[in-house]
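The values are calculated or read from the model by the stated rules, or taken from the named source; none is laboratory data. All values reported here derive from a predicted model rather than from experimental measurement. Please note: Cβ atoms are built from the backbone with ideal geometry, for glycine as well, and neighbour counts cover all protein chains shown.
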Amino acid sequence: MPPPGFVLLIAVLAVSWAGPLIRLTQAPALAVAMWRLVFSVAFIAAVVVARGGLRQAFRLTAAEWLLAVVSGLLLAAHFWSWIASISLTSVASSVVLVNTQPVIVALLSVAFLGEPPTRLEWGSIVVAVAGAAVIGWGDFGRGPAPFLGDALALAGAVFVSGYYVIGRRLRQRLDLWVYIGVVYGIAALALVVAVGLHPSVHMTGYAAGDWLVFLALAAGPMMLGHTGVNYALRYVPAYVANLALLGEPVGATLLAWWLPAIRETPSSQTVAGGVLILLGIALGVIRRRPTGV
């Protein structure tokens, strides 16, 4: 069994590629979100069939199916609301607000899972979220409809928080591949419907480079990133797994600095915020021991 801390490290590194990869395509964000999930589900389906995991899926209770479906819908709603927020408010405002999710996950974990964070873990969450706020400071209130955009970004944080809390509960007894197959499948279906209802977004007709980006997003940020976090949810509280994901903007910033096609040099403000984020993650994750089976 791989240590959950190591898996979370790989997951953060993988998710960090999402932003830089999306910068390399001109496809609409909603189409990007849809295809990264559709390709992921195709790969998962092949693995589940090869491992005989369909039998376990049929043994899920009605309550477990309901929770899994809700989790998938929450994941799709997170993608939709966050993507929509970017066109209405500043990117920094959107990223900062959606990264309040560790606080929401911690509160939901107390209310629905009976897993309260320790004082040190609460402190680590505050420090990491403060780091995200430092990165976006001074860029709030911009965009064509900043209030609505900020509200959608915050809604995205709430949606994805519910997704992680449900995942923590279901992963206690469900096989990883069965769980992500159901949840990613529901999310992919919801996004296919959303694209079909959106007159300005097309499902096909993209350049070869765009399809390579879709596949890369499925292989990295989804299959290694999100799936790595879902693996860890069986062994660590949802707020710990979620806190680790705040390392994504740090990793994405470093990649955008390093990649020749982007070459974005981070500001001193971004560096300071990144240091706070990494400190918060270190305080909350490094000393945590796995608690699952």
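State whether the residues of region 28-44 include one that is more than 30 Å from GLY205 (Cα to Cα), outside any helix (DSSP H, G or I) and of a type outside the set (A, V, I, L, M, F, W, C).
Here is the first cut: in region 28-44, the ones more than 30 Å from GLY205 (Cα to Cα) are none.
No, there is no match, as no residue in region 28-44 is more than 30 Å from GLY205 (Cα to Cα), outside any helix (DSSP H, G or I) and of a type outside the set (A, V, I, L, M, F, W, C).
Do we have VAL201 as over 18 Å from the mean Cα position of the chain (by Cα) and surrounded by fewer than 19 Cβ atoms within 10 Å (Cβ to Cβ) here? Judged against the criteria, VAL201 is a match. Applying a threshold of 9 Å to beta carbon distances and a minimum spacing of six or more residues, or different chains, the list of pairs starting in region 95-108 at a residue that is surrounded by 21 or more Cβ atoms within 10 Å (Cβ to Cβ) and at pLDDT 90 or above and ending at one that is in a loop (DSSP other than H, G, I, E, B) and of a type outside the set (Val, Ile, Thr) reads VAL105/PRO237; ALA106/GLU115; ALA106/PRO116; ALA106/PRO117; ALA106/PRO237.
Among the criteria (1) at pLDDT 90 or above; (2) buried (at least 19 other Cβ atoms within 10 Å of the Cβ), the one THR89 does not fulfil is (1). When you check VAL250 against the structure, is it surrounded by 19 or more Cβ atoms within 10 Å (Cβ to Cβ), within 16 Å of TYR163 (Cβ to Cβ) and in contact (Cβ under 8 Å) with a residue 24 or more places away in the chain, yes or no? No; evaluated as a whole, the condition is false for this residue. Among residues of region 6-24 being farther than 14 Å from LEU254 by Cβ and of a type in the set (Val, Ile, Thr), the one that is surrounded by the fewest Cβ atoms within 10 Å (Cβ to Cβ) is ILE10. Of VAL178, VAL236, VAL193, all but one fail to be buried (at least 18 other Cβ atoms within 10 Å of the Cβ) and part of a helix (DSSP H, G or I); the exception is VAL178.
In region 120-153, the residue that is nearest to SER94 (Cα to Cα) out of those that are surrounded by 21 or more Cβ atoms within 10 Å (Cβ to Cβ) and modelled with pLDDT under 75 is GLY136.
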